[in-house]
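Below is one structure; the comments refer to it alone.
Please treat every number below as a calculation from the coordinates, not as lab data. All values derive from a computational prediction rather than experimental measurement. Reconstructed Cβ throughout: ideal geometry from the backbone, glycine too, with neighbour counts over all protein chains shown.
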Amino acid sequence: MREFEQKRKLKKRIYSKFTTFILIIILIFLVHGSVGILFKKVKSSHDLRVAEEKFEALKEKEENLNNKIAYLNSGVGKEEIARDKFSLVKEGEKTVVILDDETDLEIIIEEKGVIESFWQRIADLFSF
């Protein structure tokens, strides 16, 4: 009989309102922590996707820049840069210069050569 009474007291304590309340509070904390971890996982997955997309874009940009560098290191690329930045021309070529004026546009065509034309002009000055 004593065993029966002891089991009954134990069940009373386990199924009491206070114990149930404490267990519910513990359950709420556990669920709250699990939900927080779930949200962090979803956010980190999203951040990972965004970082991978940026990485792919940067890899493409790097590839394009490496191709440009290779092109500019070639003879054709160097010639193009020299023509664009310094208005250099090959011997016998003509350049077109467009002057912007308020009244009208004038087009001046000049014949420019490299160093040989400069020496040619000096020789023409002294020749009769």
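Just to be sure before I move on: is residue 85 in contact with a helix residue (DSSP H, G or I) (Cβ under 9 Å, 6 or more places away or on another chain) and part of a helix (DSSP H, G or I) in the structure I sent? Lay out the reasoning, then the answer.
Working: in contact with a helix residue (DSSP H, G or I) (Cβ under 9 Å, 6 or more places away or on another chain): no; part of a helix (DSSP H, G or I): yes.
In short, no.
Within the range 53-66, can one find any residue that is assigned to a helix (DSSP H, G or I) and either within 30 Å of residue 120 (Cβ to Cβ) or touching a residue at least 24 places away in the same chain (Cβ under 8 Å) (or both)?
As a first pass, look at the range 53-66 and keep what is assigned to a helix (DSSP H, G or I): 53-66.
Now restrict to residues that are either within 30 Å of residue 120 (Cβ to Cβ) or touching a residue at least 24 places away in the same chain (Cβ under 8 Å) (or both): none.
Looking for residues that are assigned to a helix (DSSP H, G or I) and either within 30 Å of residue 120 (Cβ to Cβ) or touching a residue at least 24 places away in the same chain (Cβ under 8 Å) (or both), one finds none in the range 53-66, hence no.
For the range 1-20, give me each residue that is hydrophobic (A, V, I, L, M, F, W, C) and surrounded by fewer than 10 Cβ atoms within 10 Å (Cβ to Cβ). Break it down into steps so the answer makes sense when it comes.
Quick first cut of the range 1-20, residues hydrophobic (A, V, I, L, M, F, W, C) only: 1, 4, 10, 14, 18.
The answer is 1, 4, 18.
Is there any pair linking a residue in the range 7-29 that is among the hydroxyl-bearing types (Ser, Thr, Tyr) to one that is assigned to a helix (DSSP H, G or I), with Cβ under 8 Å and at least six apart or on different chains, and which?
19/13
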